[in-house]
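The values are calculated or read from the model by the stated rules, or taken from the named source; none is laboratory data. Remember, predicted model here, so these are calculated numbers, not experimental data. With ideal geometry, Cβ positions are generated from the backbone for all residues, glycine too; neighbour counts draw on all protein chains shown.
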Amino acid sequence: MMSRVRGEECVLAAAHGTIKEPMNEKDLRQVQMWYKDILETTELNSITIDTLSTLLQPESLFERFAYRKSHALGGSTEFLSLKGQKFQVENAPINPIQDQNPNIAFKCMHYSVTESAGTVKVTIEKKAENMEMKFGVRTQEGTAKYGRDFDGIDQIITMKMSENEATVDIRIHDDDEWNPDNDFYVELYDVNTKKKLYGDDTQCKVTILDEDFPGKLQFKRTEVLGSRKNKKVEVVINRIDGTSGHISCQVRTEALIIG
């Protein structure tokens with residue numbers, strides 16, 4: 001318990017800039033820069049340990065950094081490189097589930113899955129013993145849309161008395177275009193009334209992590225020499241830190257006035 005309290009004190013002190021050791025001033029400035037980026041605020045003195053604990057959960061880091069290759073730890077080292085990594089993450093709940101269904105529930109309340117994974121597996125747990133259960137499971141759109149981001153499902157499942165878990169596979173669509181991370185929902189419902197079953201644990205969220213990196217455009221050189229003999233000058237634009245999908249920019253010339 002004391003180690004946990006001490007750890008929380010260090011985390012908060014680093015955010016507030018009051019930590020004494022073992023960090024030097026350079027490291028402290030670097031950590032504060034990361035905090036400002038993660039928390040999206042410049043007012044670090046107002047941050048509480050509860051806010052830090054919530055926003056620094058793995059799910060938040062995945063969602064904030066999955067497509068931000070330019071934000072790196074240790075100079076040029078990429079913080080998170082997800083392209084081609086086919087996996088899903090079962091995120092632990094930040095807060096306790098208040099209203100629980102006594103008979104049936106999702107095993108996880110929030111899944112994160114990479115776009116290239118192809119499918120996400122959602123597990124349903126039967127709590128009631130020595131009981132056969134029949135229920136429906138269906139998807140609902142959020143920022144993720146049917147056909148574009150995932151294939152919707154609407155299934156009837158029967159779990160025998162000897163069965164404790166059931167799994168449904170939901171197809172995830174992959175493309176080469178950058179998109180923000182999108183969410184959709186899966187819920188359990190009564191097959192007779194078609195209404196969602198009671199409880200906060202009869203609906204879960206799925207976050208699709210887009211791991212396509214469009215990259216950045218920059219001039220190959222900041223200065224290009226030309227001559228009056230040539231009618232044109234070649235200015236090269238490089239694409240760095242990713243080449244997924246389409247990217248564009250506008251280029252214009254301005255007169256350079258000297259003196």
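Here are the criteria: (1) on the phi > 0 side of the Ramachandran plot; (2) under 27 Å from the mean Cα position of the chain (by Cα). Tell me which single one LYS194 does not satisfy.
(2)
Please count how many residues of the range 154-173 are closer than 29 Å to SER116 by Cα and surrounded by fewer than 16 Cβ atoms within 10 Å (Cβ to Cβ).
8
Please go through the range 96-106 and pick out each residue that is touching a helix residue (DSSP H, G or I) at 6+ places or on another chain (Cβ under 9 Å) and exposed (fewer than 15 other Cβ atoms within 10 Å of the Cβ).
Once the filter is applied, which keeps residues that are touching a helix residue (DSSP H, G or I) at 6+ places or on another chain (Cβ under 9 Å) and exposed (fewer than 15 other Cβ atoms within 10 Å of the Cβ), the range 96-106 yields ILE97, GLN98, ASP99, GLN100.
Can we say TYR189 is modelled with pLDDT of 95 or more, within 16 Å of GLU90 (Cα to Cα) and in the same structural domain as ASN101 (by TED's automatic domain parsing)?
So TYR189 does not fit the description; no.
So which residues in the range 188-233 are surrounded by 15 or more Cβ atoms within 10 Å (Cβ to Cβ) and in a strand (DSSP E or B)?
Correct list: LEU188, TYR189, LYS196, GLN203, CYS204, LYS205, VAL206, THR207, ILE208, LEU209.
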